[in-house]
Amino acid sequence: MRSQGTAQELEQRRWLAVRRVNEGWKLKDVAAFLGVTDRAVTRWMAAYRYGGAAAIAAKPTPGRPPKLSRRRERSMLARLAKRPEAFGYKTQLWTTVAWPR
């Protein structure tokens, strides 16, 4: 399960852990201060020692991939920018007949 907070907030927490450990705090004290497990602090420190700043930097959550290509998305948005009457609707509402189930 992902920790609560934005990617930037989580990155700041990892940086604080690294700074505290480098200042001489014990891992368990840093973990207690931040409300995380000792193992989390150990992993952050290992990542920092191995990969440097980039290893503990914020990584955006990718999310679900889009179903439309960029070209198709632009096409649909251009159509929606027009009024429904341009496509044969009798009113200014985007409505359609319900599909049978």
Quiz item: Taking the chain, how much of its Cα-Cα pair set, in percent, is spaced more than 22 angstrom apart?
Solution: 56
Practice problem: With +1 on each Lys and Arg Cβ and -1 on each Asp and Glu Cβ, and nothing else charged, work out how big the dipole of region 20-68 is about its Cα centre, in Debye to the nearest 20. | Solution: 280
Practice problem: Provide the per-residue ³J(HN,Hα) series for region 79-95, in order, calculated from phi with Karplus coefficients 6.51, -1.76, 1.60 and θ = phi - 60°, each as a whole number of Hz, with x at glycine and proline positions. | Solution: 5, 5, 6, 7, 7, x, 4, 5, 10, x, 6, 7, 10, 8, 9, 7, 10
Quiz item: Under 18 Å from the 7 Å Cα→Cβ point of residue 95, by amide nitrogen: which residues of region 69-85?
Solution: 83-85
Quiz item: If we restrict to alpha carbons, what Rg and Dmax does region 25-69 come to, in Å?
Solution: 15.5, 50
Exercise. May I ask you to list the GluC sites (Glu not before Pro) in region 1-95 that are in a DSSP loop and have at most 10 other Cβ atoms within 10 Å of their Cβ?
Key: 23
Practice problem: Treating the angle as unsigned and between 0 and 90°, give the value, to the nearest 10°, between the Cα long axis of helix 7-22 and the longest Cα principal axis of the chain. | Solution: 10
Practice problem: Compute the long axis of helix 38-51 from its Cα atoms, compare it with the longest principal axis of the Cα atoms of the chain, and write down the angle in degrees, 0 to 90, nearest 10. | Solution: 80
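Each value in this text was obtained by applying a stated rule to the coordinates, not by laboratory testing. Keep in mind that what you see is a predicted model, and the values were worked out from it rather than measured. Neighbour counts run over all protein chains shown; Cβ positions are idealised from the backbone, glycine included.
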